[in-house]
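S.K.: Sharing a structure below in structure tokens format, with a few things to ask.
What follows is calculated from the coordinates using simple rules that are stated; it is not laboratory data. Remember, predicted model here, so these are calculated numbers, not experimental data. All Cβ positions, glycine included, derive from the backbone under ideal geometry; neighbour counts span all protein chains shown.
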């Protein structure tokens with residue numbers, strides 16, 4: 001069994017190395033026709049960009065992706081610099097007509113995106129020519145290796161039950177060297193994915209066949225991300241199924257997050273795209289889905305006929321009615337640890353790291369400031385966006401709509417939710433984003449704290465203050481602080497993953513939905529002591 | 001300002017300090033020789049097993065003590081001078097007190113076996129024991145086999161700890177079945193099986209004769225009394241019970257027996273000196289309880305109670321319905337009220353028992369054979385609601401009532417299989433009754449007794 005595990009690890013690492021290494025393979029160059037057709041499709045009016053790009057990438061040289069990317073971006077910059085200079089010049093000359101003319105020649109969008117789109121056409125090499133073989137060598141080996149690593153646990157972990165043995169004795173789960181390596185890899189992955197998609201164009205080739213069969217188009221970096229996300233969740237869910245095989249709550253919950261990720265977040269949007277509809281994740285609620293009210297999305301929905309209107313109405317109902325009503329009945333867990341994609345990754349890939357959330361009072365203070373700030377930020381941004389959308393202006397109260405959208409997307413959407421949110425798993429725990437940043441979680445939290453039937457019941461006086469619950473709370477709630485006082489846990493941040501209840505050695509904690517009355521029950525004297533004393537002190 | 005000095009920073013002493021602080025402005029000092037901060041002793045096992053780090057066993061962050069003006073003093077008290085109202089430390093420092101509380105807990109009991117002080121022989125009680133274990137049994141290369149002597153709660157925990165590092169364990173139990181002085185036979189037998197299923201070499205009816213040493217004074221092997229068999233091992237865990245940790249007052253004026261003798265107000269014979277927790281011994285045992293209650297929960301209750309007395313609201317220690325809990329490897333155990341094993345149960349006590357075929361879940365309900373009064377329940381592998389059983393015990397319900405409403409008491413996580421129907425039908429069958437198991441009702445659960 002142990003040998004099998006080691007073989008699995010080796011296979012996985014080989015798969016991961018090929019997956020990483022493949023990015024540096026292949027060569028990139030364009031024919032003149034390919035370039036011209038791309039530029040005219042894009043509607044670029046600048047002759048300069050065409051010429052620049054011709055010089056840069058229409059060549060017989062076999063450019064690496066790094067070289068290709070840098071040349072394209074140089075061409076892009078050179079072209080824009082040229083027209084910016086002209087704009088300045090005419091500005092100084094006060095030649096307003098000529099100044100105005102120059103703007104049509106400017107290119108908008110991110111340089112790396114232009115480079116990605118060109119590279120997608122320009123690429124040659126293993127990834128493009130043998131996607132099937134490479135799929136097997138990367139995804140295939142990775143999945144096989146990971147499963148070989150995970151499945152023996154069925155026997156190695158011993159009898160069904162809580163087996164957190166050695167978590168704090170191993171480098172990978174105790175913030176050791178391996179954990180830091182994983183952090184670096186994840187952070188780099190997100191940086192490249194979000195900001196330098198052209199560097200991962202080879203990955204998209206590997207998934208082109210799958211993408212075509214699903215939505216009819218070629219794979220983008222987002223398709224790669226979505227596909228990878230599903231695969232990782234599937235593999236790590238098998239780990240959950242084995243680890244918590246004695247706990248039906250965990251089994252059902254894991255199945256639920258898997259289902260919503262694969263069907264709602266991945267398959268349905270892809271199929272919708274193939275049917276020429278806007279691809280929409282029906283479970284992704286605003287304000288987590290922060291660009292729902294962005295003008296491009298509204299326009300796209302309004303131009304998509306009946307389905308567009310349906311999505312628009314559904315999105316609004318989801319946030320305003322379904323989400324809070326469900327939180328009233330079941331707590332925010334119905335979303336955060338049963339449905340949500342971020343939660344889904346945290347509960348599968350992130351499970352080995354759940355113990356790293358900071359339980360200190362200071363962390364709780366920081367959490368409340370940050371998460372409510374992000375909620376406010378998202379609401380202000382949406383207000384500005386909607387105002388400018390309906391009035392046709394650029395800004396509201398001096399806040400420029402494009403600026404605030406870009407700032408939010410960059411800081412919150414990319415850095416906080418992605419790079420930090422997932423990249424920091426191995427050191428800071430698996431719910432950094434959900435705890436400190438998610439505006440939807442903040443909103444759900446208000447409902448859960450003030451108007452909900454959900455609580456974690458503390459079982460009378462049975463707590464022995466051991467601390468397993470607090471240690472394994474991914475949201476950094478000091479569960480023990482409540483349990484040892486015989487008090488139910490009612491906290492806005494609780495996502496109801498149920499692990500505190502699972503790891504409790506004395507059966508003290510139970511997640512349940514019950515009457516609101518008596519839900520919050522601070523006590524001084526715990527059950528089991530003198531009845532008169534309890535009454536005297538607790539009713540004081 | 002009155003100065004309250006508490007010796008011992010365990011659950012009793014710390015609970016006491018917290019409650020005194022809630023009710024007064026008194027100066028509070030907690031003295032401990034073991035650790036700087038309060039930690040949960042019951043959680044030490046999880047540190048060795050790698051579930052937690054030691055700091056996770058500390059229920060309060062370090063700022064808590066300063067914020068609540070509770071002084072912490074690390075030092076070993078060697079003597080109490082009650083005439084001058086002083087305690088004297090091993091380095092001859094002293095502190096004066098107005099009121100002194102002894103909350104020094106327990107220490108592992110040793111029975112004078114040859115070799116019991118060798119290197120590699122240890123109890124599993126103090127933080128220092130944990131450090132010793134880490135030193136002598138870090139893995140199964142250094143420690144090729146461990147022998148545990150004494151089949152109680154600490155013994156089985158130590159077995160689970162060593163098992164988590166894949167160290168082979170031989171478990172010597174004096175009784176004919178694990179913990180059968182407390183558990184009814186069926187349950188005890190189920191736990192025997194469970195221990196063996198975890199690859200523990202369980203030896204029932206076995207006493208330790210002696211521990212043998214190698215040339216360097218380390219444990220080499222143990223000899224079993226009954227058979228003379230020699231078992232080679234690198235460590236020996238002595239878990240044959242604990243006794244009050246009160247050697248330092250043996251020569252004082254404070255009256256002691258096995259523990260510090262206290263009355264129902266937790267007062268010792270010496271004025272302004274109290275004792276709580278494991279080290280306190282009631283002059284007369286309360287109800288079915290033992291005179292010395294070495295249990296987490298009772299330590300906490302004594303702390304809660306004594307704080308009232310010290311804060312001018314003098315009340316008796318009057319614990320409510322008995323409850324307790326433990327975990328045997330993967331099987332959780334809870335008990336509410338009194339269930340005695342068959343061999344020493346009172347003549348009126350009768351049992352209804354149910355066991356799941358998977359051998360990891362069972363319950364025993366004790367009741368009065370004539371009045372059918374519900375006396376208590378042992379539950380294994382099924383979590384039960386403390387409040388509900390506490391209420392039923394106080395309301396003096398019958399076993400029929402308990403069976404009928406058992407669903408109200410279930411505390412297992414959502415979606416777990418429920419066994420009330422199964423349990424009810426077995427009860428009906430054995431007793432010729434036709435009770436219908438009721439569905440869980442929030443209303444009943446929340447109605448206070």
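S.K.: How large are Rg and Dmax for segment A:229-282 when only the alpha carbon atoms are used, in Å?
M.R.: Expressed in Å, the Cα Rg and Dmax of segment A:229-282 come to 13.7, 45.
S.K.: Tell me, what is the Rg over Rh of segment B:121-240, with Rh the Kirkwood radius over Cα pairs? Each step should come with its number before you reach the end.
M.R.: Values: Rg = 13.7 Å, Rh = 14.3 Å.
Dividing the radius of gyration by the Kirkwood radius yields 0.96.
S.K.: Remind me, relative contact order of chain B in percent, using alpha carbon pairs under 8 angstrom and six or more residues apart? Each step should come with its number before you reach the end.
M.R.: Details: 946 pairs, mean separation 59.2, N = 449.
Relative contact order comes out at 13 percent.
S.K.: Oh, and also: Nearest-5 percent of antiparallel DSSP beta bridges in segment B:121-240?
M.R.: Values: 8 of 21 bridges.
Beta bridges within segment B:121-240, antiparallel portion: roughly 40 percent.
S.K.: Report, as a whole number in µm² per second, the diffusion coefficient that Stokes-Einstein gives for segment B:190-300 at 37 °C and 0.692 mPa s using the Kirkwood radius over alpha carbon pairs.
M.R.: Numbers: Rh = 17.5 Å.
Answer from the Stokes-Einstein relation: 188 µm²/s.
S.K.: Separate question: So for segment B:66-124, Kirkwood radius off the Cα pairs, Stokes-Einstein at 10 °C and 1.306 mPa s: how many µm² s⁻¹? Don't skip to the end; give the middle numbers.
M.R.: On the way: Rh = 14.7 Å.
Estimated via Stokes-Einstein, D reaches 108 µm²/s.
S.K.: Counting pairs of Cα atoms in segment A:162-286, how many percent are more than 25 Å apart? Before the final figure, lay out each step's value.
M.R.: On the way: 3210 of 7750 pairs.
Beyond 25 Å sits 41 percent of the P(r) for segment A:162-286.
S.K.: In 5 Å bins starting at zero, report the fraction of Cα pairs in segment B:152-222 per bin as a rounded %.
M.R.: P(r) for segment B:152-222, in whole percents per bin: 4, 15, 23, 23, 17, 10, 4, 2, 1.
S.K.: With a/c under 1.5 counting as rounded, go ahead and sort segment B:296-370 into rounded, prolate or oblate using the C-alpha gyration tensor (a ≥ b ≥ c being the square roots of the eigenvalues; past the cut-off, prolate if a/b is larger than b/c, else oblate). Numbers along the way, then the final one.
M.R.: Values: a/c = 4.12, a/b = 1.80, b/c = 2.28.
Judged from the Cα gyration tensor, segment B:296-370 comes out oblate (a/c at least 1.5, b/c at or above a/b).
S.K.: While we're on this one: How compact is segment A:454-538 by the rule of thumb for globular proteins, expressed as Cα Rg over 2.2 N^0.38 Å?
M.R.: Details: Rg = 12.5 Å, N = 85, 2.2 N^0.38 = 11.9 Å.
Working it through for segment A:454-538, the quotient is 1.05.
S.K.: Given that compact globular proteins tend to follow 2.2 N^0.38 Å, what is the ratio of the alpha-carbon Rg of segment B:332-399 to that value? Don't skip to the answer; put the middle values down first.
M.R.: Values: Rg = 11.8 Å, N = 68, 2.2 N^0.38 = 10.9 Å.
After normalising by residue count via 2.2 N^0.38 Å, the value is 1.08.
S.K.: Let me ask something else about it. Plugging the Kirkwood radius over Cα pairs into Stokes-Einstein for chain A, at a temperature of 37 °C and a viscosity of 0.692 mPa s, what D comes out in µm²/s? Don't jump to the answer; show the numbers that get you there.
M.R.: Working: Rh = 26.0 Å.
The estimated diffusion coefficient comes to 126 µm²/s.
S.K.: Give the Rg/Rh ratio for segment A:74-151, taking Rg as the radius of gyration of the Cα atoms and Rh as the Kirkwood radius, to two decimals. Each step should come with its number before you reach the end.
M.R.: Details: Rg = 23.4 Å, Rh = 16.7 Å.
My calculation puts Rg/Rh at 1.41.
S.K.: Can you give the convex hull volume per residue for the Cα atoms of segment A:420-482, as a whole number of Å³?
M.R.: Values: hull volume 5.7 nm³, N = 63.
Expressed per residue, the convex hull around the Cα atoms of segment A:420-482 is 91 Å³.
S.K.: Please report the spacing between the Cα centers of segment B:45-99 and segment A:161-204 in Å, no decimals.
M.R.: Using only Cα atoms, the two centres lie 42 Å from each other.
S.K.: Among A:415, A:222, B:392, A:314, what is the fewest-to-most ranking by other Cβ atoms within 10 Å? Don't skip to the end; give the middle numbers.
M.R.: Details: A:415 18, A:222 12, B:392 23, A:314 15.
The most exposed by this proxy come first: A:222, A:314, A:415, B:392.
S.K.: Restricting everything to alpha-carbon atoms, can you work out Rg to Rh for segment A:16-73 with a Kirkwood hydrodynamic radius? Don't skip to the end; give the middle numbers.
M.R.: On the way: Rg = 13.4 Å, Rh = 12.4 Å.
Reported Rg/Rh, Kirkwood definition of Rh: 1.08.
S.K.: Compare B:418, B:133, B:372 in a GNM of chain B, Cα atoms joined below 10 Å, and give the one with the largest fluctuation.
M.R.: In this elastic network of chain B, the residue with the biggest mean-square fluctuation among B:418, B:133, B:372 is B:418.
S.K.: Turning to a different aspect of this structure: At a 10 Å Cβ-Cβ cut-off, how would you order B:322, B:338, fewest neighbours first?
M.R.: Result, fewest neighbours first: B:338, B:322.
S.K.: So, one more: Based on DSSP, what percent of beta bridges with both residues in the protein assembly as shown are antiparallel, to the nearest 5? All intermediate terms of the calculation are to be shown ahead of the outcome.
M.R.: On the way: 57 of 92 bridges.
In the protein assembly as shown, DSSP labels about 60 percent of beta bridges as antiparallel.
S.K.: While we're looking at this one, here's another question. For segment B:323-446, taking Cα atoms only, what is the radius of gyration to one decimal and the Dmax to the nearest whole Å?
M.R.: When restricted to the Cα atoms of segment B:323-446, Rg and Dmax are 13.6, 40 Å.
S.K.: Using a Gaussian network model of chain B whose springs link C-alpha atoms within less than 10 Å, name the residue from B:323, B:39, B:111 with the highest mean-square fluctuation.
M.R.: Maximum fluctuation in the GNM of chain B, among the listed residues, is at B:111.
S.K.: While we're looking at this one, here's another question. Extent of the protein assembly as shown along each principal axis, from alpha carbon coordinates, in Å, largest to smallest?
M.R.: Result, largest extent first: 105, 71, 63 Å.
S.K.: In Å, the Kirkwood hydrodynamic radius of segment A:27-123 over pairs of distinct alpha carbons? Show your work: numbers first, answer last.
M.R.: On the way: mean 1/r = 0.0720 Å⁻¹.
Evaluated on segment A:27-123, it is 13.9 Å.
S.K.: How high is the relative contact order of segment B:121-240? Use alpha-carbon pairs under 8 Å, at least six apart in sequence, and give a whole percent. Show your work: numbers first, answer last.
M.R.: Numbers: 235 pairs, mean separation 39.3, N = 120.
Once divided by the residue count of segment B:121-240, the mean separation gives 33 percent.
S.K.: Right, here's the next one. In segment A:235-317, if every C-alpha pair distance is counted and binned at 5 Å from zero, what percent goes to each bin?
M.R.: Histogram of Cα-Cα distances, whole percents per bin: 3, 14, 19, 19, 14, 9, 9, 8, 4, 1, 0.
S.K.: With a 10 Å Cβ neighbour count serving as the proxy for reagent exposure, in which order, fewest first, do A:96, B:179 appear? Could you put the intermediate results ahead of the total?
M.R.: On the way: A:96 10, B:179 21.
The most exposed by this proxy come first: A:96, B:179.
S.K.: Another question about this same structure. Quantify how strongly other chains surround peptide A:504-516 by giving the mean number of their Cβ atoms within 10 Å of each of its Cβ atoms.
M.R.: On the way: counts 4, 11, 10, 15, 5, 3, 7, 2, 4, 2, 3, 4, 0.
Counting other chains' Cβ atoms within 10 Å and averaging over A:504-516 gives 5.
S.K.: If you don't mind, there's one more thing I want to ask. Normalise the Debye intensity by I(0) for chain B, one equal point scatterer per Cα, no solvent, then take log10 at q = 0.07, 0.08, 0.12 Å⁻¹ and round to two decimals.
M.R.: Each listed q corresponds, in turn, to -0.40, -0.53, -1.15.
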